[in-house]
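The values are calculated or read from the model by the stated rules, or taken from the named source; none is laboratory data. Since we're looking at a predicted model, the values are computed, not measured. Here the Cβ positions follow ideal geometry from the backbone for every residue, glycine too, while neighbour counts run over all protein chains shown. Remember, those area values only see protein heavy atoms, side chains included, never the ligands or the DNA or RNA. Shrake-Rupley method; radii C 1.70, N 1.55, O 1.52, S 1.80 Å.
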Amino acid sequence: MKINWNKILIYSFACLVLLFLILPTFIVIPISFSPSRFLEFPPPGFSLQWYKNFFSSDSWVNSFFFSLKVGFVTMISATILGTLASITLARSNSKWNSMLYYIMVTPMIVPLIIIAVAIYSLFIRTNLQGSFIGLVIAHTIIAIPYVITTVVGSLRGFDIRIEQAAISLGAHPFIAFMRVTVPIISPALISGALFAFIASFDELIVSIFVSGVFAKTLPVKMWEGIRLEIDPTIAAIASILITISVALFAAIELLKFISNRKGLS
Amino acid sequence: MKPDLVHGVTADQKKARIPIQGVNLLAIPALIFVLFFFIYPLIKVLFNSVLDPSFTLKHYVRFFSEPAYLQVLWITIKTGLLVTFICLVLGYPVAYMLASVPDRVRNLLLIFVLLPFWTSFLVRTYAWIVILQKEGILNKTLLALGIIEEPMKMVHNTFGVIIGLVHVLLPFMILPLYSVMKNIDMDLVKSAQSLGATPYKSFTKVFLPLSFPGIAAGSILVFIISIGYYVTPALLGGRKDTMISQLIAQQIGEQLNWGFGSAIALVLLVVVLGLLYLFNRYFGLEKISFGP
């Protein structure tokens, strides 16, 4: 066979780009185990002091749990609101459908700074500024598009006749939906929910505006930390966040695999 | 025919479904939520920019007449174009590789593109500070290799902003390109070659034109996101690299200058919506989806 040098050249270049995409992030993991106060690479030894620093600091741990809490409540509200809207988007014949879709997904496309300014302007006139519920509302706006884009596709791929069969056999439409449709589209529902969680958990810009002085999400605390000094404690937190993201990513890939095998996507 | 997310479904599916009564009502909670907490305040921002306290265009005039602000606008556009161009150059071969390798290899390679999506961009930006700083890995490696004599300044300047933005936005270029390329019929390229075209010619005359929709979609997407980006320029850039979103944050967050800040936000919004309109017209908004 003739060796195709062009192809080898293109592929090698592409592989370098892929390494550029994936490697830089993971550099913070070895650094988080470094005993040095400076961000040296390779680290001069091994130490858990920066993790200890993180877990023994009340303000860091509190913001971590605060973020988890906001993320969890956001996940639930965005999944419920987004799934209900997805049913309409997937099944209604209304001419307003594309309008509805645009309104619901704009928060994914409009620059976050504009969303931040808009929500901030509303919140300072109400009592929502700096409150837990305010953050959840802001994050839900941002998370809904992720739920919708995930769930609508799956609902469209779902053969509605299965659900109609259940209804024609006497099931209430709600029961038919919960017991027939939901289990079948569950991979998409779960990944939509995980998308919503990570969208909230990683969200920074809106949180900078909406957070209160005392209740700050983890990204906001990190943002302030990075601006002041590049303390290796942040490398430890970054490593924890990377681990969480990789775990959620693996979960999504698994769900994709399952739903492919079910012949859904 | 694939069902189109925005413009309805295929005829087959239409026939197969009996509308369930009240299905339109299910969107109401989400709609009210988004209208009240997002669209309504957005409209308020629009009014803020022209009411001070009665109708005025002075904020817009100010933005478009003071050199300092025009400078910010220019830097934003320049950065956006540069980032888009670099992403295209880096992303095109990757998309090509993804589209032309066997399924199993592709799924493995896609992980390299999708995983960064899942890693917090704040973490990724932080990683770049660690890599690019004076005592960082890159400087140390270059010194050790004897390529440079003394550490270079690679962060808190334009170089830092560009590299950080390219890293964050590259997947947004690769994915639309890949989705267009995988549908290109490679037999066309082969038949061009069998008719005597050189590999170079069959690429420029056949494959490249067929991949144009992907180039356009990826470029518009990357440009839109980069001109609205906040975190990366703020952390990796210097004083001279202030971009439009930082200006908005300064005016509203620090100076409480609502009228002027809103006006700048509106300028950015109009540019983004204009580009999105074009994007939707030619490619469909549903291309922007990261779900399974």
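On inspection, residue A:236 does not qualify as open to solvent by 30 Å² or more (accessible area, probe 1.4 Å) and small (Gly, Ala, Ser). Kindly check whether there is at least one residue in the range B:255-268 that is assigned to a helix (DSSP H, G or I), polar (S, T, N, Q) and open to solvent by 10 Å² or more (accessible area, probe 1.4 Å). No, every residue in the range B:255-268 fails to be assigned to a helix (DSSP H, G or I), polar (S, T, N, Q) and open to solvent by 10 Å² or more (accessible area, probe 1.4 Å). Restricting B:223, B:172, B:212 to residues that are surrounded by fewer than 20 Cβ atoms within 10 Å (Cβ to Cβ) and not small (Gly, Ala, Ser) narrows the list to B:212. Pairing each residue of the range B:235-260 that is under 30 Å from residue B:54 (Cβ atoms) and at pLDDT 90 or above with any residue that is of a type in the set (Ser, Thr, Tyr) and part of a helix (DSSP H, G or I), provided the two are 6+ apart or on different chains, yields C-beta distances under 7 Å for B:244/B:76; B:259/B:49.
Report the residue count in the range B:83-113 for those that are within 19 Å of residue B:176 (Cβ to Cβ), more than 7 Å from every other protein chain (Cβ to nearest Cβ) and not hydroxyl-bearing (Ser, Thr, Tyr).
15
Contact map, the range B:104-119: first residue in a helix (DSSP H, G or I), second residue surrounded by fewer than 18 Cβ atoms within 10 Å (Cβ to Cβ), Cβ cut-off under 6 Å, separation 6 or more or different chains; pairs are B:112/A:22.
What residue, of B:61, B:45, B:50, is β-branched (Val, Ile, Thr), at pLDDT 90 or above and open to solvent by 40 Å² or more (accessible area, probe 1.4 Å)? Being β-branched (Val, Ile, Thr), at pLDDT 90 or above and open to solvent by 40 Å² or more (accessible area, probe 1.4 Å) holds for just one of B:61, B:45, B:50, which is B:61. Among all positions in the range A:17-35, there is at least one residue which is of a type outside the set (Asp, Glu), surrounded by 12 or more Cβ atoms within 10 Å (Cβ to Cβ), in contact (Cβ under 8 Å) with a residue 40 or more places away in the chain and outside any helix (DSSP H, G or I). Inside the range B:176-209, residues that are outside any helix (DSSP H, G or I), open to solvent by less than 70 Å² (accessible area, probe 1.4 Å) and touching a helix residue (DSSP H, G or I) at 6+ places or on another chain (Cβ under 6 Å) make up a count of 1.
All of A:46, A:72 fail the test of being open to solvent by 60 Å² or more (accessible area, probe 1.4 Å), modelled with pLDDT of 95 or more, out of contact with any Leu (no Cβ under 6 Å at 6 or more places or on another chain) and away from chain B (no Cβ under 14 Å), apart from A:72. On the stretch given as the range A:115-146, residues that are surrounded by 24 or more Cβ atoms within 10 Å (Cβ to Cβ) and free of Cβ contacts under 8 Å to residues at least 24 places away in the same chain total 1. Looking across the range A:205-230, the residues that are surrounded by fewer than 21 Cβ atoms within 10 Å (Cβ to Cβ), without any contact (Cβ under 8 Å) to a residue 60 or more places away in the chain and either facing chain B (nearest Cβ under 10 Å) or in contact with a helix residue (DSSP H, G or I) (Cβ under 7 Å, 6 or more places away or on another chain) (or both) come down to A:225, A:226, A:227.
Output the residues belonging to the range A:49-69 that are surrounded by fewer than 21 Cβ atoms within 10 Å (Cβ to Cβ) and small (Gly, Ala, Ser). Hits for the range A:49-69 are A:56, A:57, A:59.
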